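Asks: Below is one structure. I have some questions about it.
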Amino acid sequence: MNFEQAILANEMAIRLAFYLGIFAAIAIWEVRAPRRTLTVSKSLRWRSNLGLVAINTVLVRLLFPLAGAGMAAFTTEIGWGLLNYYAVPWLIAVPLAVIAMDFVIWLQHVMVHAVPVFWRLHQVHHADPDYDLTTGSRFHPVEILLSMLIKFATIVILGAPVVAVIVFEILLNGMAMFNHGNIRLPASLDRAMRWFFVTPDMHRVHHSIEVDETNSNFGFNLSWWDRLFGTYRDQPRAGQLGMTIGLRDHREPHEVAHLAGMLLMPFHRQIRGYAINQRGHPGHDEE
């Protein structure tokens, strides 16, 4: 058994260990150094948000038993993908694939804000009235399935190595918990980190109730893409402590903080669009 086969055989255990370790670390950090005061019952939100995590995990394992790492092993074996076609050395292929997948996630995030039918799904993530590490895992099951299909297509096109996919999955989960954390960083550290990585204060702007602020800071790991494509915003107008989290038209606790309401949210109310070109027009919210 070679290195990649050993990693693949223990993928679930490796990912679970990182997930639980990072979750525990951020949860303790939130208690010891919270950035903001929560407005809704934490136990209610955590039950609902983590309930979505459980549903999504079961759904993905049932519908996609190979998962991303299995797809990567398959493409490597039959030689599909750019990195395999050009025989890119493994030590170069792994970081290239991780960076490329990070960029695709950024593009996907812009897409789910720009296309109304996808925004219906993604608004479940944004409707959380508070912002903490469980917000980072709060996604509607249909959006998770869409994300898996995009991920599989990306892996096939790239020919991403198994290790690259597993590293990316760990980064995806870990950074989602970190940059959604209700945690306080020293201002100097936050400024320095932002040149390379998305920080909690940077991504919190993206969860502002103001539409132009919501349509900024789409990155989850590398902060380069927002700076490169002009979607970076330094701070919310109302400040980190004064800003309102969530969506203007989704404020009822039974809808935004209860699991049943979150699952049904995409399927009611008229949708009028949520276009990226509203970035420059504050105060206009859409359903």
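The values are calculated or read from the model by the stated rules, or taken from the named source; none is laboratory data. Keep in mind the model is a prediction, meaning the values are calculated, not measured. Virtual Cβ from ideal backbone geometry, glycine too; neighbours counted across all protein chains shown. Ligands, DNA and RNA are stripped out before the accessible areas are found, and what is left, the full protein with its side chains, is counted by its heavy atoms. Shrake-Rupley method; radii C 1.70, N 1.55, O 1.52, S 1.80 Å.
Condition check ((1) open to solvent by 30 Å² or more (accessible area, probe 1.4 Å); (2) touching a helix residue (DSSP H, G or I) at 6+ places or on another chain (Cβ under 7 Å)) across all residues:
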{"residue": "P95", "(1), (2)": "yes, no"}
{"residue": "V104", "(1), (2)": "yes, yes"}
{"residue": "V112", "(1), (2)": "no, yes"}
{"residue": "T134", "(1), (2)": "no, yes"}
{"residue": "S137", "(1), (2)": "no, yes"}
{"residue": "M148", "(1), (2)": "no, yes"}
{"residue": "V165", "(1), (2)": "no, yes"}
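Asks: Follow-up question, since we're still on this one. Any residue in region 51-78 that's under 17 Å from L16 (Cα atoms): show its pairings with residues that are open to solvent by 30 Å² or more (accessible area, probe 1.4 Å) at Cβ separation under 6 Å, as long as the two are six or more apart or on different chains.
Replies: G51/L259; N56/I144; A69/L8
Asks: Anything in region 153-189 that is part of a loop (DSSP other than H, G, I, E, B) and under 12 Å from the mean Cα position of the chain (by Cα)? List them, or say none. Break it down into steps so the answer makes sense when it comes.
Replies: Of the residues in region 153-189, the ones part of a loop (DSSP other than H, G, I, E, B) are 159-161, 180-182, 184-186.
Once the filter is applied, which keeps residues that are part of a loop (DSSP other than H, G, I, E, B) and under 12 Å from the mean Cα position of the chain (by Cα), region 153-189 yields only H180.
Asks: Sticking with this structure for a sec: Within region 73-104, track down each residue that is hydrophobic (A, V, I, L, M, F, W, C) and either in contact with a His (Cβ under 7 Å, 6 or more places away or on another chain) or over 29 Å from F229 (Cα atoms) (or both). Talk me through it step by step, then tell me what you get.
Replies: First, the residues of region 73-104 that are hydrophobic (A, V, I, L, M, F, W, C): 73-74, 78, 80, 82-83, 87-88, 90-94, 96-101, 103-104.
Hits for region 73-104 are A73, F74, I78, W80, A87, W90.
Asks: Of the conditions (1) aliphatic (A, V, I, L, M); (2) surrounded by fewer than 11 Cβ atoms within 10 Å (Cβ to Cβ); (3) in contact (Cβ under 8 Å) with a residue 40 or more places away in the chain, L20 fails just one. Which one is it?
Replies: Unmet condition: (3).
Asks: If you scan region 73-88, which residues turn out to be open to solvent by 80 Å² or more (accessible area, probe 1.4 Å) and of a type outside the set (D, E)? Steps first, please.
Replies: Pass one, region 73-88, residues open to solvent by 80 Å² or more (accessible area, probe 1.4 Å): 74, 77, 80, 82, 85-86.
If the condition is that a residue be open to solvent by 80 Å² or more (accessible area, probe 1.4 Å) and of a type outside the set (D, E), then F74, W80, L82, Y85, Y86 are the ones that fit.
Asks: Which of the numbered conditions does R184 fail, given that it passes all the others? Conditions: (1) among the basic types (K, R); (2) over 26 Å from A17 (Cα atoms); (3) open to solvent by 30 Å² or more (accessible area, probe 1.4 Å).
Replies: (2)
Asks: Which of (1) touching a Gly at 6+ places or on another chain (Cβ under 9 Å); (2) closer than 30 Å to E255 by Cα; (3) surrounded by fewer than 19 Cβ atoms within 10 Å (Cβ to Cβ) is the odd one out, the single condition F118 does not satisfy?
Replies: Only one criterion is unmet by F118, namely (1).
Asks: If I filter region 56-65 down to residues being over 14 Å from A153 (Cα atoms) and hydrophobic (A, V, I, L, M, F, W, C), which single residue comes out as least open to solvent (accessible area, probe 1.4 Å)?
Replies: Taking region 56-65 and keeping what is over 14 Å from A153 (Cα atoms), we get 56-63, 65.
Add one more test, that the residue is hydrophobic (A, V, I, L, M, F, W, C), and what stays is 58-60, 62-63.
On the way: V58: 86, L59: 51, V60: 22, L62: 131, L63: 99 Å².
The extreme case among them is V60.
Asks: Restricting attention to region 137-152, and to residues there that are hydrophobic (A, V, I, L, M, F, W, C) and assigned to a helix (DSSP H, G or I), which single residue is farthest from V112 (Cα to Cα)? I'd like the intermediate steps shown before the answer.
Replies: We begin by selecting, within region 137-152, every residue hydrophobic (A, V, I, L, M, F, W, C); these are 139, 142, 144-146, 148-150, 152.
Retained after the next criterion (residues that are assigned to a helix (DSSP H, G or I)): 142, 144-146, 148-150, 152.
On the way: V142: 12, I144: 12, L145: 13, L146: 10, M148: 14, L149: 14, I150: 12, F152: 17 Å.
Looking at the filtered set, the residue picked out is F152.
Residues are listed down the side, and each one gets a yes or a no for (1) closer than 22 Å to S147 by Cβ; (2) in contact with a Lys or Arg (Cβ under 9 Å, 6 or more places away or on another chain):
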| position | (1), (2) |
| --- | --- |
| L16 | yes, no |
| R36 | no, yes |
| A54 | yes, no |
| L62 | yes, no |
| G81 | yes, no |
| N84 | no, no |
| P89 | no, no |
| I92 | no, no |
| I105 | yes, yes |
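Asks: Also, I was wondering about something else. Pick out, from region 23-136, the helices (runs of 4 or more DSSP H) lying fully within it that include 2 or more residues that are more than 21 Å from N217 (Cα to Cα) and more than 16 Å from the chain's Cα centre (by Cα).
Replies: Working: elements: 42-63, 67-78, 82-85, 90-114, 116-126.
The qualifying helices (runs of 4 or more DSSP H) are 42-63, 67-78, 82-85, 90-114.
Asks: Here's another thing I want to ask about it. For region 223-231, state whether one or more residues are in contact (Cβ under 8 Å) with a residue 40 or more places away in the chain, open to solvent by 30 Å² or more (accessible area, probe 1.4 Å) and among the basic types (K, R).
Replies: no
Asks: Among the residues of region 199-212, are any within 13 Å of F103 (Cα to Cα) and among the aliphatic types (A, V, I, L, M)? First the steps, then the outcome.
Replies: Residues of region 199-212 within 13 Å of F103 (Cα to Cα): none.
Scanning region 199-212, I find no residue that is within 13 Å of F103 (Cα to Cα) and among the aliphatic types (A, V, I, L, M), so the answer is no.
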